[in-house]
1. Please find, among 64, 14, the residue that is in contact with a Leu (Cβ under 7 Å, 6 or more places away or on another chain) and modelled with pLDDT of 95 or more.
2. Among the residues that make up the range 3-15, is at least one of them surrounded by 15 or more Cβ atoms within 10 Å (Cβ to Cβ) and more than 23 Å from residue 73 (Cβ to Cβ)?
3. Contact list please: Cβ distance under 6 Å, first residue in the range 50-61 and closer than 13 Å to residue 18 by Cα, second residue at pLDDT 95 or above and not β-branched (Val, Ile, Thr), pairs at least six apart or on different chains.
4. Those residues that are open to solvent by 50 Å² or more (accessible area, probe 1.4 Å) and of a type outside the set (Val, Ile, Thr), I need them from the range 59-72; list them, please.
5. What are the residues in the range 18-58 that are open to solvent by 70 Å² or more (accessible area, probe 1.4 Å) and under 30 Å from residue 70 (Cβ atoms), if any?
Amino acid sequence: MTAVMLPETATVVRELERAAEAFAQRALEQEACRDRARPGTAVQHRHAHSATLWRLAESSLRVRIGELEAASAL
């Protein structure tokens, strides 16, 4: 059963890695917008908040990737 699960797990891990990279890119974009915005404005705050959310989502995916990789190594 493990041999059958490995290709599926590898596919899931690859897709999660792609999503994590996309989330990281979105966070970078939001951080750049935040840095261009005038300090202390609502626009700057929105971009900072958005960047934080993208980073949290990326982090959650990377934790899950680590869990899947660890489980597949058993």
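The values are calculated or read from the model by the stated rules, or taken from the named source; none is laboratory data. It should be emphasised that the depicted structure is a prediction, and the values quoted were computed from it without experimental measurement. Don't worry about glycine lacking a Cβ; one is built from the backbone with ideal geometry, like all the others, and counts go over all protein chains shown. In case anyone asks, the SASA skips ligands and DNA or RNA and just uses the protein heavy atoms, side chains included. Shrake-Rupley method; radii C 1.70, N 1.55, O 1.52, S 1.80 Å.
1. It is 64.
2. no
3. 57/23; 58/20; 58/23; 58/24; 61/16; 61/19; 61/20
4. Residues satisfying the conditions are 59, 60, 62, 64, 67, 69, 70, 71.
5. Within the range 18-58, 18, 21, 25, 26, 28, 52, 53, 55, 56 qualify.
A quick yes/no check of all residues on (1) among the acidic types (Asp, Glu); (2) in contact with a Lys or Arg (Cβ under 7 Å, 6 or more places away or on another chain); (3) in a helix (DSSP H, G or I):
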| position | (1), (2), (3) |
| --- | --- |
| 11 | no, no, yes |
| 20 | no, yes, yes |
| 27 | no, yes, yes |
| 34 | no, no, yes |
| 39 | no, no, no |
| 49 | no, no, yes |
| 53 | no, no, yes |
| 57 | no, no, yes |
| 69 | yes, no, yes |
